[in-house]
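**Q** One structure follows; several queries about it will come next.
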Amino acid sequence: MQYINYIQKKFKQHELKIINISQRINQIEKDKETFDSIISEIKSSDGVMWAFPLYVFTVHSNYQRFIELIFERNVEDAFKGKYTSILATSIHFYDHTAVNYMNSICDDLNMNYVDYFSLSMYDLKKEDIRKNLLLFVQNYFEAIENEVITLKNYRPVKYSPISYIPEITHNKIDVLNKKVIIIADSLENNNLKNMLKKFRNLFSQNVELVNLQEIDIKGSCLGCLKCGYNYECVYTDKDDFINFYNSKLKTADIIVFAGTIKYRHLSSIWKKFFDRAFFNTHTPSLSGKQIGFIISGALNQIPNLKQILESYTQFQGCNLVGFITDEYDTSIEIDNQLHAFSYNLIKLSTVNYSKPATFLGVAGMKVFRDEIWGSIRFPFIADHRAYKSLNLYDFPQKNYKSRISNFILMLMIKFPSIRKEIYSNKIKFSMIKSLRKIVEDETT
Ligand SMILES: Cc1cc2nc3c(=O)[nH]c(=O)nc-3n(C[C@H](O)[C@H](O)[C@H](O)COP(=O)(O)O)c2cc1C
């Protein structure tokens, strides 16, 4: 809001009509007049700037609910042709997936998407960023005035799934001593329902299915930061979410998330789950588990969502086993996919397998590490304690061995003859020397 207020102060000739969405979502959803008045404000506006703080890879679940309402209530036309831009604040942890999500929504709404500006929380203090922020806004207003042609970044999702009905009977898989849990919503969707039925039937033992819609969740994350001190949420003892998360998810060996894609994300109920799970703040709370997704929807046309889900598992320190969707031509293919998926979940859990994180997890943790160490250690004191004990403060400065060898080598290469010898003959060999030793020392 401070950025918006700043913009308003600098562009007095334009009126910024601020519509607060997330805090008022219950009223917006329940009271038709409130919803209609927002839509008529949008209709009469010259442009729509989507401004939001990042919440768990995208926008707050209430903001997402508003986006669902636009489509559910068929008021897309109010947005059509409007010039739009995105203003986000965050700590740059997956701000790109939030921007991608909102940009794709803008394209789905046939808006004229101009640009985004993704700010770090305190960027307003930086003169060069303030200057560029004003240029971004200036450019946006000029785009409206000049009716410029804008670029589309996302194609509409085309999704016409088969009607999945399990066909093959596979041999049952023993869950052994593993605790498997499925968390789902959208069970009214037949494809999802049948995929879950097939999935559960693949096991010799009963696999628990929890319907997110049946859990007593009083409200969405308030962003109050009370959890920062010791993971205690403002909703503790007020609803069942925390108990559910701690008793069902944290104790499971294998977790399957299941849902239906709604407008380029899992439902806003799922989003509420992700947001409310923030009572664990920036500390991984599902480490070592095997995770899989069973999704009804065009996941393969929405790589941004796939990346969000994969990144979530990597941040949590889980092993992603895979995604099963209903994007196949035949039920038999889905049957076989589900069978392979179930088999892998158990097998990989049994051997405690975990593949290393890719850039998604490695880079994400570096952002958190630096933030928790630095600017947000207060109020996130619980994270600071956890990061110390989990050895997540793996700053390169602590690597004394490489610091010493860098020091010596940088001295040596000051001599041209040594430099020539190192760069021409030694470098490649030296790089793999320590790895070769491990291979050589290993017994067959
Ligand atoms: C529940 C919660 C989830 C958040 N998730 C993210 C995130 O995924 N990525 C990120 O960079 N920042 C995240 N943040 C930081 C906020 O985006 C940042 O604090 C925000 O821009 C501040 O705006 P506000 O004061 O209006 O909440 C999160 C903050 C909260 C409270």
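The values are calculated or read from the model by the stated rules, or taken from the named source; none is laboratory data. Please read these numbers as outputs of a predicted model, since none were measured by experiment. A quick note on method: Cβ atoms are made from the backbone with ideal geometry, for glycine too, and the neighbour counts reach across all protein chains shown. SASA here: full protein model, heavy atoms, side chains in, ligands and nucleic acids out. Shrake-Rupley method; radii C 1.70, N 1.55, O 1.52, S 1.80 Å.
**Q** Out of (1) part of a helix (DSSP H, G or I); (2) free of Cβ contacts under 8 Å to residues at least 60 places away in the same chain; (3) under 22 Å from Asp253 (Cβ atoms); (4) in contact with a Phe, Trp or Tyr (Cβ under 8 Å, 6 or more places away or on another chain), the odd one out for Lys306 is which?
**A** Among (1) part of a helix (DSSP H, G or I); (2) free of Cβ contacts under 8 Å to residues at least 60 places away in the same chain; (3) under 22 Å from Asp253 (Cβ atoms); (4) in contact with a Phe, Trp or Tyr (Cβ under 8 Å, 6 or more places away or on another chain), Lys306 violates only (3).
**Q** Among Tyr423, Tyr387, which is the only one that is among the aromatic types (Phe, Trp, Tyr) and in contact with a Lys or Arg (Cβ under 8 Å, 6 or more places away or on another chain)?
**A** Details: Tyr423 fails: in contact with a Lys or Arg (Cβ under 8 Å, 6 or more places away or on another chain).
Testing whether each residue is among the aromatic types (Phe, Trp, Tyr) and in contact with a Lys or Arg (Cβ under 8 Å, 6 or more places away or on another chain) leaves just Tyr387.
**Q** Since Ala88 meets every condition but one in (1) at negative phi; (2) away from the ligand (no atom under 11 Å from the Cβ), which condition does it not meet?
**A** It is condition (2) that Ala88 fails.
**Q** Looking at Leu209, Leu151 in this structure, which one is closer than 20 Å to Ile334 by Cα, more than 16 Å from the ligand (Cβ to nearest atom) and either in contact (Cβ under 8 Å) with a residue 12 or more places away in the chain or aromatic (Phe, Trp, Tyr) (or both)?
**A** The match here is Leu209.
**Q** What number of residues in segment 118-141 are within 13 Å of the ligand (Cβ to nearest atom) and surrounded by 15 or more Cβ atoms within 10 Å (Cβ to Cβ)?
**A** Our first condition is that a residue be within 13 Å of the ligand (Cβ to nearest atom); within segment 118-141, this holds for 118-124.
Within this subset, residues satisfying the condition of being surrounded by 15 or more Cβ atoms within 10 Å (Cβ to Cβ) are 118-121, 123-124.
Of the residues in segment 118-141, 6 are within 13 Å of the ligand (Cβ to nearest atom) and surrounded by 15 or more Cβ atoms within 10 Å (Cβ to Cβ).
**Q** Ok, one more. Just one of Gln8, Gln27, Gln23 is more than 30 Å from Leu360 (Cα to Cα), open to solvent by 40 Å² or more (accessible area, probe 1.4 Å), within 12 Å of the ligand (Cβ to nearest atom) and assigned to a helix (DSSP H, G or I); which is it?
**A** Exactly one of Gln8, Gln27, Gln23 is more than 30 Å from Leu360 (Cα to Cα), open to solvent by 40 Å² or more (accessible area, probe 1.4 Å), within 12 Å of the ligand (Cβ to nearest atom) and assigned to a helix (DSSP H, G or I), namely Gln23.
**Q** May I ask you to say which residue of Lys262, Lys306, Lys272 is within 15 Å of the ligand (Cβ to nearest atom) and either hydrophobic (A, V, I, L, M, F, W, C) or open to solvent by 20 Å² or more (accessible area, probe 1.4 Å) (or both)? Spell out how you get there, then give the answer.
**A** Details: Lys262 fails: within 15 Å of the ligand (Cβ to nearest atom); Lys306 fails: within 15 Å of the ligand (Cβ to nearest atom).
Every option except Lys272 fails the conditions.
**Q** Cβ-Cβ distance below 6 Å, separation of 6 or more or different chains: which pairs start in segment 416-437 with a residue that is closer than 17 Å to Ser405 by Cβ and end on one that is open to solvent by less than 100 Å² (accessible area, probe 1.4 Å)?
**A** Ile418/Met412; Arg419/Ile413
**Q** When segment 63-82 is examined, which residues are found to be open to solvent by 20 Å² or more (accessible area, probe 1.4 Å) and not charged (D, E, K, R)?
**A** If the condition is that a residue be open to solvent by 20 Å² or more (accessible area, probe 1.4 Å) and not charged (D, E, K, R), then Tyr63, Phe71, Asn74, Val75, Gly81 are the ones that fit.
**Q** Just the residues that are part of a helix (DSSP H, G or I) and either of a type in the set (Val, Ile, Thr) or open to solvent by 10 Å² or more (accessible area, probe 1.4 Å) (or both), please, taken from segment 283-303.
**A** Asn300, Gln301, Pro303
**Q** Out of the helices (runs of 4 or more DSSP H) lying entirely within segment 323-397, which hold 3 or more residues that are more than 21 Å from Ser285 (Cα to Cα) and out of contact with any Leu (no Cβ under 6 Å at 6 or more places or on another chain)?
**A** Where helices (runs of 4 or more DSSP H) fall fully within segment 323-397 and carry at least 3 residues being more than 21 Å from Ser285 (Cα to Cα) and out of contact with any Leu (no Cβ under 6 Å at 6 or more places or on another chain), they are 331-350.
**Q** If you don't mind, there's one more thing I want to ask. Considering each of Ile217, Ile183 in turn, give the residue that is part of a loop (DSSP other than H, G, I, E, B), of a type in the set (Val, Ile, Thr), closer than 30 Å to Arg65 by Cβ and open to solvent by less than 40 Å² (accessible area, probe 1.4 Å). Write out each step before concluding.
**A** On the way: Ile183 fails: part of a loop (DSSP other than H, G, I, E, B).
Going through Ile217, Ile183 in turn, the sole match is Ile217.
**Q** Step by step: first the residues of segment 49-85, then only those that are within 16 Å of the ligand (Cβ to nearest atom) and small (Gly, Ala, Ser), then the one that is nearest to Gln27 (Cα to Cα). Which residue is that?
**A** Ser61
**Q** Same structure, new question: Can you spot a residue in segment 94-109 that is open to solvent by 30 Å² or more (accessible area, probe 1.4 Å) and within 24 Å of Ser120 (Cα to Cα)?
**A** Step one: of segment 94-109, the residues open to solvent by 30 Å² or more (accessible area, probe 1.4 Å) are 96, 100, 108.
Okay, now just the ones that are also within 24 Å of Ser120 (Cα to Cα), so 96, 100.
Yes, some residue in segment 94-109 is open to solvent by 30 Å² or more (accessible area, probe 1.4 Å) and within 24 Å of Ser120 (Cα to Cα).
**Q** For segment 345-367: of the residues being more than 24 Å from the chain's Cα centre (by Cα) and open to solvent by 50 Å² or more (accessible area, probe 1.4 Å), which is nearest to the ligand (Cβ to nearest atom)?
**A** Among those residues, the one meeting the criterion is Asn352.
**Q** I would also like to ask the following. Out of Asp46, Asp36, which single residue is more than 15 Å from the ligand (Cβ to nearest atom) and within 18 Å of Tyr116 (Cα to Cα)? Lay out the reasoning, then the answer.
**A** Working: Asp36 fails: within 18 Å of Tyr116 (Cα to Cα).
Asp46 is the lone residue from the list that is more than 15 Å from the ligand (Cβ to nearest atom) and within 18 Å of Tyr116 (Cα to Cα).
**Q** Related question: For segment 220-231, what are the residues that are more than 10 Å from the ligand (Cβ to nearest atom), open to solvent by 80 Å² or more (accessible area, probe 1.4 Å) and assigned to a loop (DSSP other than H, G, I, E, B)?
**A** Hit for segment 220-231 is Lys226, nothing else.
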